[in-house]
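Heads up: the structure comes next, in structure tokens.
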Amino acid sequence: MSLNLAEKQAVVAEVAKVAASAHSAIAAEYRGLSVAQLTALRVKARETGVYLRVVKNTLARRAVQGTEFECLQPNLVGPLILAFSQEEPGAAARIFKEFLKEKANDKLVIKTLAVGGQAFPASELDRLASLPTRDEAISLFMACLRAPLDKFARTLNEIPGKLVRTIEAVRRQKEAA
């Protein structure tokens with residue numbers, strides 16, 4: 001089913017708008033997957049805030065032009081599905097990683113991924129998937145901010161504790177004598 005010029009322009013505009021606000025992108029070859037498998041992948045993507053779209057390569061190249069995902073252009077060959085992480089950088093990578101865990105889904109081949117204007121090989125999928133979520137990153141940051149205060153409070157608490165232990169040791173020593 002071919003698209004007319006207006007439909008092609010609409011697809012390019014939609015993908016370009018998503019790419020402009022996305023944190024990361026992944027291009028994967030979906031050849032050999034069934035409709036049910038692709039539908040399951042789309043449902044999971046929708047639940048986690050990942051934009052997933054099968055786009056013709058020429059339209060995809062035009063859509064990412066002028067965005068930080070322009071680095072994907074040389075790798076956009078073959079039947080590809082594009083995934084853009086809208087809320088956090090590792091969301092799309094986690095979806096694909098979970099999807100690939102099932103033996104039946106082994107026909108999905110990750111071609112390339114991009115973060116921050118740099119393209120990475122498919123081998124970096126695990127590294128991108130292991131990035132913390134927004135909530136995890138905030139909690140790690142807060143723990144780093146809180147650590148010096150906790151240590152200071154423990155140090156201040158140790159002073160009277162040491163005094164009490166010293167007095168107790170002196171009392172025991174006098175009782176023994």
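Laboratory data are not the source of any read-out in this text; all were calculated from the coordinates shown. Because the structure is a prediction, the values reported are computed rather than measured. Glycine gets a Cβ as well: all are built from the backbone with ideal geometry, and neighbour counts include every protein chain shown.
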>> Under 21 Å between alpha carbons, and skipping anything fewer than 8 positions from Lys162 in its own chain: which lysines qualify?
In response: Lys151, Lys174
>> To check my understanding: the extent here is largest minus smallest coordinate of the Cα atoms along each principal axis. What are those three numbers for the range 45-166, in Å, largest first?
In response: 78, 37, 25
> What is the list of residues in the range 37-52 whose amide nitrogen lies under 16 Å from a point 7 angstrom out from the Cα of Asp135, following Cα to Cβ?
Replying inline: 47-49
> With labels modelled as points extended 7 Å from the Cα through the Cβ direction, what inter-label distance (nm, one decimal) is found for Glu98 paired with Ala20?
Replying inline: 3.0
>> Ignoring everything except DSSP H segments at least 4 long, calculate the 222 nm mean residue ellipticity for the chain; use -39,500 (n - 2.57) per segment, divide by total residues, nearest 500.
In response: -18000 deg cm²/dmol
> Of the cross-linked pairs Lys8/Lys107; Lys56/Lys111; Lys8/Lys111; Lys8/Lys97; Lys56/Lys103; Lys44/Lys97, which ones have a Cα-Cα span greater than 21 Å in the structure shown?
Replying inline: Lys8/Lys107; Lys8/Lys111; Lys8/Lys97; Lys56/Lys103
> In bins 10 Å wide, starting from 0, what share of all Cα pairs of the range 132-177 does each bin hold, as a percent?
Replying inline: 24, 23, 20, 15, 12, 6, 1
